[in-house]
Amino acid sequence: MRLIQFEADDRARAVGLVDGDTIRRVQGVATMRELALNAIANGRSLAAEVEAAGTGASFDYDTLLDEQRVLPPLDHEDPAHCLIAGTGLTHLGSAAARDQMNQKVKEDGEAALTDSMRMFKWGVEGGRPSDGKPGVQPEWFYKGDGSIVVRPGAPYPVPAFADDEGEEPEVVGLYVIAPDGHPHRLGFAIGNEATDHVMEKKNYLYLPHAKLRHCSYGPELRVGELPRHIEGEVRIRRGGAVIWEKSFPTGEDNMCHSLANLEFHHFKYEQHLRPGDVHVQFMGTSVASFGDGIRTEDGDVFEIAIPGFGRPLVNGTQRTPVRIDFSAVKGL
């Protein structure tokens with residue numbers, strides 16, 4: 001089952017069941033969060049809640065996309081109660097890269113590793129525990145709140161101070177915190193965790209700055225478990241022409257951390273268990289055009305597709321002015 005959030009003809013918010021090129025409006029709810037909380041209250045799965053609610057009016061999917069009436073598949077009416085975060089160094093990459101890392105450890109010892117390679121090594125060795133206990137914690141970063149999420153089809157606002165706006169194609173986990181404080185996963189979506197790679201490359205301690213950029217996920221929520229192996233496709237278009245494209249593997253078979261381990265280390269914090277809150281967790285990428293020498297330009301369009309996740313996620317880029325000048329902060 002795949003679901004979306006969208007704006008109906010009167011611009012009222014709605015939840016829709018994807019049925020080919022048709023969207024069937026789920027009755028009785030206006031948001032995915034409301035649907036999820038109803039499912040929790042009724043002791044049903046999200047799919048069972050949709051079936052119990054039933055569907056009504058139909059909408060043309062292409063029209064909704066063309067008119068940018070498709071919303072992120074999960075959000076919160078108060079953006080401050082939607083936490084966007086991510087994990088890095090979670091994917092194994094190619095066998096050659098793993099062999100190269102292992103060879104370096106053998107020849108030079110752990111002391112010669114960079115901090116990033118050391119953390120990657122920890123993940124390979126302890127990110128998939130089999131004894132039911134938590135494994136090693138992954139790299140984790142704060143992306144922003146719900147205000148930095150761009151709806152599918154809309155351009156990313158790229159601040160004037162940014163050095164770059166590079167794509168990061170990955171799977172996103174979507175969660176709602178139940179009234180009893182327990183996290184519930186609704187499912188997964190395609191995500192683009194756009195990052196300023198040029199800034200990050202200057203010094204890895206700039207990573208928190210580099211991550212504070214707009215992002216997008218959707219357009220669809222894939223209900224259910226994440227397939228163990230996924231092969232997605234990402235491309236960049238400039239002036240309508242494809243200037244770069246690549247496949248990217250994801251799913252647990254291609255990761256050094258299990259999904260359960262990533263979720264545990266995110267939700268072990270009490271402040272992440274506030275009832276009613278929404279959490280959007282980017283699970284990490286295995287490719288990026290920046291690594292192939294691509295520098296994005298204003299107006300470039302990112303397109304990410306994953307089989308079984310529905311329509312691709314498409315977003316452009318648009319430079320914006322800085323909203324605060326150097327001397328804007330005043331003392332009281």
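The values are calculated or read from the model by the stated rules, or taken from the named source; none is laboratory data. Note that this is a predicted model, so its numbers are computed, not measured. So basically every Cβ, Gly included, is an ideal-geometry build from the backbone, and we count neighbours across all protein chains shown. Just the protein is used for accessible areas: all its heavy atoms, side chains included, with ligands, DNA and RNA removed. Shrake-Rupley method; radii C 1.70, N 1.55, O 1.52, S 1.80 Å.
Protection proxy ranking for 125-137, 223-235, using the average of other Cβ atoms within 10 Å per residue and placing the highest first: 223-235, 125-137. Per residue, the Cα convex hull of region 244-309 amounts to 168 Å³.
Assign one of three labels to region 190-329, namely rounded, prolate or oblate, based on the Cα gyration tensor with a ≥ b ≥ c the square roots of its eigenvalues; rounded applies when a/c is under 1.5, prolate when it is not and a/b is larger than b/c, and oblate otherwise. Here region 190-329 falls in the oblate category. Using a probe of 1.4 Å on the protein chains alone, the accessible area found for Trp122 is around 110 Å². Taking θ as phi - 60° and the Karplus parameters 6.51, -1.76 and 1.60, the scalar couplings of region 237-253 work out to 10, 10, x, x, 9, 6, 9, 6, 7, 6, 8, 9, x, 8, x, 4, 5 Hz in sequence order, x denoting glycine and proline. Here region 154-231 is treated as a sphere whose radius is the Kirkwood value from Cα pairs; by Stokes-Einstein at 20 °C and 1.002 mPa s it diffuses with a coefficient of 148 µm²/s. Compactness of the chain is given as radius of gyration and Dmax, 20.2, 66 Å, from Cα positions. Treating r as the C-beta distance of Ala241 and Tyr204 and R0 as 30 Å, the FRET efficiency rounds to 0.35. Below 8 Å between Cα atoms, with a sequence gap of 6+, how large is the relative contact order for region 163-289 in percent? Averaging sequence separation for qualifying contacts and normalising by length gives 33 percent for region 163-289.
For a 27 Å ceiling on Cα separation, which of these pairs sit above it: Lys133/Lys211; Lys211/Lys246; Lys202/Lys330? Over 27 Å Cα-Cα: Lys133/Lys211; Lys202/Lys330. How about Lys121: which aspartates and glutamates have a C-alpha closer than 20 Å to its C-alpha, ignoring those fewer than 8 places off in the same chain? The qualifying aspartates and glutamates are Asp99, Glu107, Asp108, Glu110, Asp131, Glu139, Glu252, Asp253, Glu263. Distance between the pseudo-spin-label points of Ala57 and His184 (7 Å out from Cα toward the beta carbon): 2.7 nm. How large a share of the accessible area of region 185-328, in percent, is made up of carbon and sulfur atoms when the probe is 1.4 Å and the other protein chains stay in place? Summing carbon and sulfur atoms, their accessible area is 54 percent of the total for region 185-328.
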